[in-house]
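These notes concern the structure reproduced below.
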Amino acid sequence: MANDFSSSDNYRHVLKYTSIFGSVQGLNILIGLVRNKVIALLLGPGGMGLVSLFNTISTFISQATSLGISFSAVRRISELYDTGDSSSLRHYAKVVRGWTLLITLAGFLLSIVLSPLFNKLSFSWGDHTLHYALLAPAIAMMAITGCETAILKGTRCLRALATVQVSTAILVLLTTTPLYYFFGESAIVPVITLTAFITMVFTLRHSLRIVPLSLSGAFGMLGEGMDMIRLGVSFTLAGIIGSGAEMIVRSYLNVAGNLDMVGLYNSAYMLTVTYGGMVFSAMENDYYPRLSAAGSRKQMTKIVNCQIEVALTMLSPMVAALIVFLPIVIPLLFSYTFSPVVPMAQVSVFTLLAKALSMPLCYINLAKGCSLAYLIIEGTYYLVFIFLVIFGFKHLGLIGTGIAITIAHLAELVIVYVYSRVKFGFRFSRQTLLSIMIHTPLCAICYILTFGTQSVTYWISGTALVSIITILSFRRLKNSTRKKA
């Protein structure tokens, strides 16, 4: 059985797949950094804020109409792939693609119908209704990409997935940079559409080789996909709530502040949350299926603790490095006009540590079929998130939003841990608690250094602390993989 690992095997397994998916994600992030640098230089904070708003709306509509197919279809496709029954696999792929045609049409129409509402909610100046309506083709193509990505994941075509992600990122960078250079902010919507088109084409190129396209009678088979839809709805609703919360926050910052504030907030958000995906990207692809297969609470607790410890240990050096070097990193990655966001980013980076603890716990509800509990916890977190960010920005400006984001993630951690303890009998292992007690104070010391001036002492002390945390993390991971070997 996949879960009958010794402790060392568990750590090796988690490290292996975290490294694989993290490497691909890291390369994508590197390319994304270059792209963001280009956007920052060509469009400035206001342009980045506009890009952020349009991308957030696109993601919101896409998630609202996707019914979670890109997530829920993977399990059944994977089961059929393991049986070697190619006929059943092709049949189920037809069912998935039939549903995809429906959600593609729904996303296209919804983006057009709701464009006046989105314009009213997110802008206090000008009329951007047409811009939102023109996002419809991109949203339709995103739905197709999600379906075909599920097929690639379910058939374990990880190399193809990696190729699609890297190739798309490179081609998008090369094709969209000239558009921003020549047309400025007018190119934002065309770039989003072009990005969706390139991603869809590369994904189809690989998925159609695995399962050739066949839609004959697909609509008559839609009933066979109801289990898939039910599974995906909770995941989808949580995504909608998350995208909606981000949309509300960005719209508030635009109305209460300006587009520059949205751009500054978004740059910090990308650095402190999105780039943690280098470690978190393995959870949906590897951790979630293993957790679903856990046959007992003991196995479940072991798998969750192992995932938490590896994630926490790998993220700690990143957190420390970001805290210390953000005064250099942000101007380097964006431009000096983004320097005001440094204090916000330095405090909100602690969300990575909180997510390393809370995210593996959140997956327990999905793995055990407790979809309503998952939805309630996520909904509660985002309500707290919206309230705290608005309160923080109103009273303390950008650094207030950073403090608010961190507090919101800590609140989520407390809620999900208490629930997991009561419902599933989960508790942190001694090794996990030791990791928390080692890494959290060291990262906190790095943050305390930021209260002083950026003198030679600051850089020497900060570099030394980052080095110590990195060495401790490396040794801890190395020792964990050797235990009981």
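The values are calculated or read from the model by the stated rules, or taken from the named source; none is laboratory data. The shown structure was predicted, so the numbers you read here are calculated from the model rather than taken from an experiment. Please note: Cβ atoms are built from the backbone with ideal geometry, for glycine as well, and neighbour counts cover all protein chains shown.
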Checklist entry - Tally time: how many residues in the range 348-370 are without any contact (Cβ under 8 Å) to a residue 24 or more places away in the chain and in contact with a His (Cβ under 7 Å, 6 or more places away or on another chain)? => result 0
Item to check | helices (runs of 4 or more DSSP H) lying entirely in the range 105-211 (those with 1 or more residues that are within 25 Å of Gly225 (Cα to Cα) and either at pLDDT 90 or above or not charged (D, E, K, R) (or both)) | outcome: 136-154, 158-183, 188-210
Next on the checklist: Being among the aliphatic types (A, V, I, L, M) and buried (at least 24 other Cβ atoms within 10 Å of the Cβ) is the filter here; which residues of the range 327-341 pass it?
Outcome noted: Ile330, Val341
